[in-house]
1. Residues in segment 48-57: is at least one outside any helix (DSSP H, G or I) and surrounded by 11 or more Cβ atoms within 10 Å (Cβ to Cβ)?
2. Just to be sure before I move on: is residue 117 crowded, with 16+ Cβ neighbours inside 10 Å, modelled with pLDDT of 90 or more and over 21 Å from the mean Cα position of the chain (by Cα) in the structure I sent?
3. For the structure I just gave you, tell me whether residue 69 is surrounded by 12 or more Cβ atoms within 10 Å (Cβ to Cβ), under 14 Å from the mean Cα position of the chain (by Cα) and part of a helix (DSSP H, G or I).
């Protein structure tokens, strides 16, 4: 009887873990908060309006990429199988454009900063548009 109770306890306690397996957590649709960037980098009050414009543009790109990723995932799930090579190429091309736009705004934001502030910004996680599946090409930076 005692063994049966232990088995049931193990089964019941593992059920929530089993339910969570296989779920895909998508990349965030935002970067850091503006307040975090301002504080960690040491942005001055004079720099803040221009920094805020590029910060908002970065988050807008991340939101567009997240929405596109969601649409593509729904489309592929409705098809019942993995994307075709042509669909993968189209996805990759779309996300490369998002990343180029993101890099442009990040570079403009970085250009507004002093060398000391740039070093602090470089220490923060850089905003990225992550492809579905998280695959990297050889030599591609993280």
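1. Initially, segment 48-57 is screened for residues outside any helix (DSSP H, G or I), giving none.
Checked segment 48-57: no residue is outside any helix (DSSP H, G or I) and surrounded by 11 or more Cβ atoms within 10 Å (Cβ to Cβ).
2. On the way: crowded, with 16+ Cβ neighbours inside 10 Å: yes; modelled with pLDDT of 90 or more: yes; over 21 Å from the mean Cα position of the chain (by Cα): yes.
Yes: the conditions hold for residue 117.
3. Numbers: surrounded by 12 or more Cβ atoms within 10 Å (Cβ to Cβ): yes; under 14 Å from the mean Cα position of the chain (by Cα): yes; part of a helix (DSSP H, G or I): yes.
Answer is yes for this residue.
The values are calculated or read from the model by the stated rules, or taken from the named source; none is laboratory data. Keep in mind that this is a model prediction, so the values were computed, not measured. Positions of Cβ are backbone-derived with ideal geometry, glycine not excepted, and every protein chain shown enters the neighbour counts.
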